[in-house]
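Read the structure below first, then the notes.
The numbers here are math on the coordinates, done by the rules we state, and not lab data. Predicted model only: the values in this text are computed from it and were never measured. As a convention, Cβ positions derive from the backbone with ideal geometry for all residues, glycine included, and neighbour counts pool all protein chains shown.
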Amino acid sequence: MSFWPLIKLLPHKTNFKFVSFAKYAAALSVIGVVGSIIMVFTPPKLPCGGLNCGVDFKGGNSIVVSTAPVELDQSELQEAVEKLDIGEVLVQGFTANPGGVATDATVRFETPTGSTANAVVERVKQAATKALGPKVTFANPEIVGPKVSKELLTGGVMALGIAVLLMLLYIWFRFEWQFALGAVAGLMHDTILVFGLFAVWDRMEFNLTAIASILTVIGYSMNDTVVVFDRLRENLRKYKKMPLRDVIDLSINETLSRTIITGVTAIFALAVLAIFGGTTLFTFSITLMFGIVFGTYSSIYVGAPIILLWGVKRGEEEAKPLKPATVR
């Protein structure tokens, strides 16, 4: 890594007393979680409360646009419809021939207050024709009603719940119940804070892409937590006489450089997507960036302190050091 001098700024060994600040971090987490819950459910209205619902959950219109047999320029189409200022616009390209170029696209958009669905559809057709040329054709204009939107929202929330439950079972099977409790507490902490981010920032619309980004945050948070827990379990067997709070501090410090390098690298890539990826990728990228920060924080100040609070069984056998890999 000598060609990347900034890596040298990270110390090889740290000795931060993370547990000493656990009480202050717990108070900060409680404030953030409670505040997020209040903002998400204020005002208490369906379907999304304080969240800025997208067309997936709020309902709207959809129409199929085609330029067959010529490839359809999805970015040009999205930009043209967004200029109509009719709310969120989703463009999803597809093709009837497997492996071929996308010649068709489904455009979903909202119906602004005071406008009729037919009038908005006509405006979308005019904008698409101007952007893509006179040979563009349209088909299947439909209205996405509240029933469909409710089913999508229910399915998305169920997906989040099932993901958290599966993570609980995985950690319980791999470690002990105290580890599972800490991991799930961290997942719930991160998920609620991400929902709070959507409630605070109106530009981030809550739609199916948001559900996908939150599921990805859950996966990243769990991955970081497992790294810390693996090292903690190894050190619990290795340092049987060391106080638990010191073992936790040691384990977090030993994984800190890996966590920082992985997190910062991912944030750099996501920042590029947020800036140059357009509106479609903006919400996804920003959610993951904040999720990485929340996930790193929860691994240190949510999951590990819960293990300290409940205690954990020390392993009877000594930890076996890993053998270095042989170079052939």
How large are Rg and Dmax for the chain when calculated on the C-alpha trace, in angstrom? 24.4, 79
Of the beta bridges DSSP finds with both residues in the chain, what % are antiparallel, to the nearest 5? 95
Asserting the computed 222 nm helical MRE of the chain (DSSP H runs at least 4 long, -39500 (n - 2.57) per run, divided by residue count, to nearest 500) equals -20000 deg cm²/dmol
Take the range 237-305, drop everything but the C-alpha atoms, weight them equally and run the Debye formula without solvent; then report log10 I(q)/I(0) at 0.12, 0.21 Å⁻¹ to two decimals. -0.44, -0.86
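In the chain, once you exclude exposed chymotrypsin sites (Phe, Trp or Tyr not before Pro) (DSSP loop, at most 12 other Cβ within 10 angstrom), what's the longest stretch remaining? Could the numbers behind the result be given before it?
Numbers: sites that count: F3, F16.
After excluding every exposed loop site, the longest remaining stretch is 17-328.
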At a 10 Å Cβ-Cβ cut-off, how would you order I286, I300, fewest neighbours first? I286, I300
Report the extension gain between K240 and A139 in nm, rounded to one decimal, defined as 0.36 nm multiplied by the number of residues separating them, less their alpha carbon distance. 29.4 nm
Normalising by the residue count of the chain, find the relative contact order in percent from Cα pairs under 8 Å and 6+ residues apart. 22
Gap separating the Cα centres of the range 171-200 and the range 110-131, nearest whole Å: 43
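Report the extension gain between A119 and W310 in nm, rounded to one decimal, defined as 0.36 nm multiplied by the number of residues separating them, less their alpha carbon distance.
Numbers: separation 191, 0.36 × 191 = 68.76 nm, distance 6.15 nm.
Full-extension gain reported as 62.6 nm.
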With Cα springs under 10 Å, the Gaussian network model of the chain assigns the largest mean-square fluctuation among G291, G50, G186 to G50
Chain lengthening between T265 and V64 when straightened (0.36 nm per residue, less Cα-Cα): 68.5 nm
Can you give the alpha-carbon Rg of the range 60-144 over 2.2 N^0.38 Å, where N counts its residues? 1.02
